[in-house]
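The values are calculated or read from the model by the stated rules, or taken from the named source; none is laboratory data. These numbers were taken from a predicted model, which means no experiment stands behind them. As a convention, Cβ positions derive from the backbone with ideal geometry for all residues, glycine included, and neighbour counts pool all protein chains shown.
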2 protein chains.
Amino acid sequence: MKFEFRNPTHLVFGAGTLSKLGEVASAHGKKALLVTGSGSVRRNGTLDRALSSLHTAGVATAECSGVEPNPRLSTVERGAAIARSEGCDVIVALGGGSTMDAAKVMAAAVFYEGDLWQMMAGQENRILPTKALPVVTVPTLAATGSEMNGGAVITNKKTTVKSFVSAPCLYPKDAIIDPELTASVPPDQTAFGICDLITHVTESYFNGVDGTPLQDRFAEGVMLTAMEWGPKAIADGSDIEARTQVQWASVVALNGWVQAGTLSPYPVHMIEHTLSAHHDIAHGAGLAIVNPAWMRFAAGTRPSRFAQFAHRIFGITLKTPEDPDAAAEGIDRFEAFLRSTGCPTRLSETGIGDRLLERYASDTVLVAHDSEGRLPGRPPISKSDIVDILRSAL
Amino acid sequence: MKFEFRNPTHLVFGAGTLSKLGEVASAHGKKALLVTGSGSVRRNGTLDRALSSLHTAGVATAECSGVEPNPRLSTVERGAAIARSEGCDVIVALGGGSTMDAAKVMAAAVFYEGDLWQMMAGQENRILPTKALPVVTVPTLAATGSEMNGGAVITNKKTTVKSFVSAPCLYPKDAIIDPELTASVPPDQTAFGICDLITHVTESYFNGVDGTPLQDRFAEGVMLTAMEWGPKAIADGSDIEARTQVQWASVVALNGWVQAGTLSPYPVHMIEHTLSAHHDIAHGAGLAIVNPAWMRFAAGTRPSRFAQFAHRIFGITLKTPEDPDAAAEGIDRFEAFLRSTGCPTRLSETGIGDRLLERYASDTVLVAHDSEGRLPGRPPISKSDIVDILRSAL
């Protein structure tokens with residue numbers, strides 16, 4: 001285990017903390033660009049409360065609304081232009097993962113010279129951003145973890161490629177995490193968020209280096225907590241206790257605490273990103289389809305780890321430390337959990353067929369690949385493996 | 001669950017990372033005050049390697065050696081005077097918890113006006129420090145967690161009171177955590193460190209607020225990892241894999257990741273601090289005596305939590321969710337684990353008798369007490385309770 005770690009984001013967590021937005025943002029300047037998504041924050045009154053908090057604290061606002069799911073490079077460019085022309089000192093992201101990711105890249109784009117796509121993974125002569133406006137994130141969905149990390153995923157609609165960027169300057173200065181804001185999220189989106197957060201930790205749990213027993217326990221803790229409290233949040237969206245536990249799990253699942261030292265790639269995310277770049281499918285829904293299929297593909301490579309998963313998450317008794325039957329049962333139980341939350345687990349449920357399987361595979365390895373052209377992971381995955389994985393999920 | 005959190009410390013973790021000290025420290029200036037303890041780093045060559053790394057990177061050094069276990073206010077004053085007179089830009093702490101704690105308070109003392117003791121808990125008109133020199137911690141013992149948090153414990157020898165201070169400016173800028181540096185720690189000190197790190201998480205696990213299921217899992221993860229790998233590190237100090245796992249557990253046990261949102265007081269630490277202020281006893285050894293005794297006292301207040309501990313840590317079957325017999329067995333098993341590592345679990349083993357029990361109780365509530373004069377915790381503890389707890393551990 002050899003690694004470096006730093007996460008400087010200041011968290012303000014708890015029901016009702018939206019009211020602190022103005023005070024928190026005012027530490028960074030006098031004018032904020034408020035970035036929002038498709039309009040739900042306007043309809044449910046959250047936007048008005050955010051504006052009121054900002055204005056009361058003496059922070060003037062400009063707005064960039066309409067960030068779409070799977071946010072586009074063109075939207076980032078639009079937001080950065082507003083931030084520049086309006087002279088904004090700080091960017092406030094009020095929304096889900098797409099809104100926060102777009103806002104973080106807008107903050108860097110304000111200072112970035114040249115083509116923005118040059119900062120994304122998979123580019124030759126990639127140039128990471130080194131400076132960004134301060135960002136305050138206010139998530140309205142428990143899913144992404146973007147509120148407290150330095151990463152962002154952006155889609156290039158011209159090339160239908162979805163890629164990511166991660167840099168120290170992209171860490172939000174503050175994250176105001178108010179579980180009450182997630183109370184109006186409908187059951188399906190709640191379930192997709194829960195799948196997303198669980199997948200963040202299964203990625204490092206299965207694909208990380210050996211010799212990380214404490215990180216394993218942390219990952220299992222996130223899974224068990226999400227699987228205990230997630231169904232309660234889906235059953236009753238107004239259950240703020242359940243919303244609180246799910247949201248804390250989602251923050252921790254991708255703020256680096258679980259992944260520190262695991263040096264993990266994210267093959268399941270990489271494959272899903274390609275699906276949602278090509279199709280109008282929610283990221284968490286895509287993960288619910290890809291993850292169990294990937295697990296069945298990968299289980300034989302690391303049988304003791306999959307057996308451990310079966311035992312510690314589902315209490316399945318192991319006949320041997322590598323018990324393949326127990327491992328398979330664990331994956332079945334995990335898939336059944338996802339189905340029980342309302343997630344799709346087959347491509348056909350989302351209308352995606354087998355026409356573009358080869359294209360998905362090619363696009364995926366374009367973003368991340370080893371010297372043999374394979375998607376990094378345990379095991380590394382060739383293009384034909386990706387096709388096989390997706391075919392098994394048709 | 002409602003809280004704020006920030007931990008900005010930059011971690012460099014892994015065997016061999018001491019060689020990066022110079023590069024890391026040079027980012028903060030041209031002259032470092034190197035703070036060390038009783039001389040073991042000089043004898044085993046670690047000091048020379050640290051100096052070599054600093055000098056190679058162009059960082060000149062002044063030294064403050066001889067920080068004692070349970071570091072004294074007078075030592076902090078001595079170090080701050082050296083830092084001032086030598087014009088140091090950065091303080092490097094190379095040693096165990098005492099050395100790091102002293103170095104952090106020296107860094108603040110350089111700028112602090114008036115009596116340093118005024119920054120410590122328990123003082124009327126307490127004035128927290130707001131500015132400090134940058135600190136780089138290099139722990140040589142896996143125990144305290146001081147390398148990645150903003151707290152420090154200092155003893156006032158004039159009054160025999162041991163108190164603590166915690167402030168944002170006390171977070172080290174960087175922590176270089178090289179498990180190889182702990183290979184020469186003898187078995188008893190290794191065991192005391194393991195007891196210390198476990199106690200950091202049992203404090204919040206038992207004394208924190210309700211409704212923190214993920215934090216519970218994290219705390220259990222730290223306990224299970226320390227109890228799995230600790231005995232290996234004690235049995236073979238040169239087992240770098242075991243040293244690595246124990247050290248990572250010790251960092252995480254008190255860097256805030258487990259405690260976030262638990263709002264926990266630390267009654268067991270408070271009681272132990274009084275013992276080690278009065279007697280020449282290692283902090284971790286004192287905790288091994290106080291913690292099981294405190295657990296037996298507290299178990300009836302929160303039976304389901306103690307039953308959960310018995311079940312999840314020791315696999316003890318629960319007849320009911322509050323099963324008191326299982327809870328008692330869990331505490332017995334925990335005490336047996338501590339004994340198996342070589343820790344004392346009775347005051348008499350350390351030569352401490354019953355003469356000063358009332359004094360320990362008075363001194364403890366001096367540092368932290370509620371409006372009724374009781375030590376905060378679950379339950380709050382009166383002075384006579386403290387006497388009873390310690391008497392049960394004679």
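Check the range A:354-363 and report whether any residue there is touching a strand residue (DSSP E or B) at 6+ places or on another chain (Cβ under 8 Å) and not basic (Lys, Arg).
Yes - at least one qualifying residue is present in the range A:354-363.
Looking at this structure, is A:Asp323 among the charged types (D, E, K, R), at pLDDT below 95 and on the phi < 0 side of the Ramachandran plot?
no
Would you mind telling me which numbered condition in (1) of a type in the set (D, E, K, R); (2) more than 20 Å from A:Ile198 (Cβ to Cβ); (3) modelled with pLDDT of 95 or more A:Glu335 fails?
(2)
Since B:Leu170 meets every condition but one in (1) within 12 Å of the chain's Cα centre (by Cα); (2) surrounded by fewer than 24 Cβ atoms within 10 Å (Cβ to Cβ); (3) among the aliphatic types (A, V, I, L, M), which condition does it not meet?
For B:Leu170, the failing item is (1).
Kindly evaluate A:Val222 against the criterion of being under 21 Å from A:Met148 (Cα atoms), facing chain B (nearest Cβ under 9 Å) and out of contact with any strand residue (DSSP E or B) (no Cβ under 8 Å at 6 or more places or on another chain).
yes
Going through the range A:283-334 one residue at a time, which ones are in a loop (DSSP other than H, G, I, E, B) and closer than 18 Å to A:Met223 by Cβ?
A:Arg302, A:Gly315, A:Ile316, A:Leu318
Condition test on A:Gly286, is it within 12 Å of chain B (Cβ to nearest Cβ) and out of contact with any Pro (no Cβ under 7 Å at 6 or more places or on another chain)?
no
I need the full set of residues from the range A:270-302 which are within 18 Å of A:Glu335 (Cα to Cα) and surrounded by fewer than 22 Cβ atoms within 10 Å (Cβ to Cβ), in order please.
A:Arg296, A:Phe297, A:Ala299, A:Gly300
Return the residue satisfying two criteria in turn: it lies in the range A:232-271 and is more than 12 Å from every other protein chain (Cβ to nearest Cβ) and of a type in the set (A, V, I, L, M), and of such residues it is nearest to A:Pro379 (Cα to Cα).
That would be A:Val268.
Among the residues of the range B:202-225, is any under 15 Å from the mean Cα position of the chain (by Cα), polar (S, T, N, Q), buried (at least 19 other Cβ atoms within 10 Å of the Cβ) and not assigned by TED's automatic domain parsing to the domain that holds B:Ala93?
yes
Looking at A:Leu181 and the list (1) assigned to a helix (DSSP H, G or I); (2) farther than 30 Å from A:Thr159 by Cβ; (3) within 14 Å of another protein chain (Cβ to nearest Cβ), which single condition is not satisfied?
Status for A:Leu181: all satisfied but (3).
For the range A:87-102, how many residues are out of contact with any Ser or Thr (no Cβ under 7 Å at 6 or more places or on another chain) and hydrophobic (A, V, I, L, M, F, W, C)?
Number satisfying all stated conditions: 4.
If a residue must be buried (at least 18 other Cβ atoms within 10 Å of the Cβ) and more than 12 Å from chain A (Cβ to nearest Cβ), how many such residues does the range B:1-30 contain?
The qualifying residues number 6.
If you go through the range B:361-379, how many residues are out of contact with any Pro (no Cβ under 8 Å at 6 or more places or on another chain) and either surrounded by 17 or more Cβ atoms within 10 Å (Cβ to Cβ) or under 12 Å from B:Thr274 (Cα atoms) (or both)?
So the answer is 8.
Yes/no matrix, rows are residues, columns are (1) of a type outside the set (Lys, Arg); (2) at pLDDT 95 or above:
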site	(1), (2)
A:Ser340	yes, yes
A:Arg346	no, yes
A:Thr350	yes, yes
A:Tyr360	yes, yes
A:Leu366	yes, no
A:Asp370	yes, no
A:Pro380	yes, yes
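Checking the condition modelled with pLDDT of 95 or more and over 13 Å from B:Met270 (Cα atoms), which residue from B:Arg391, B:Arg374 passes?
Residue meeting the stated conditions: B:Arg391.
In the range B:201-218, what residues are over 16 Å from B:Val246 (Cβ atoms) and more than 7 Å from chain A (Cβ to nearest Cβ)?
B:Thr202, B:Glu203, B:Ser204, B:Tyr205, B:Phe206, B:Asn207, B:Gly208, B:Val209, B:Asp210, B:Thr212, B:Gln215, B:Asp216
Could you run through the range A:195-217 and say how many residues are outside any helix (DSSP H, G or I) and within 18 Å of A:Val268 (Cα to Cα)?
Total satisfying the criteria: 2.
Mind counting the residues in the range A:106-119 that are surrounded by 22 or more Cβ atoms within 10 Å (Cβ to Cβ) and either in contact with a Phe, Trp or Tyr (Cβ under 9 Å, 6 or more places away or on another chain) or more than 30 Å from A:Leu51 (Cα to Cα) (or both)?
Qualifying residue count, the range A:106-119: 1.
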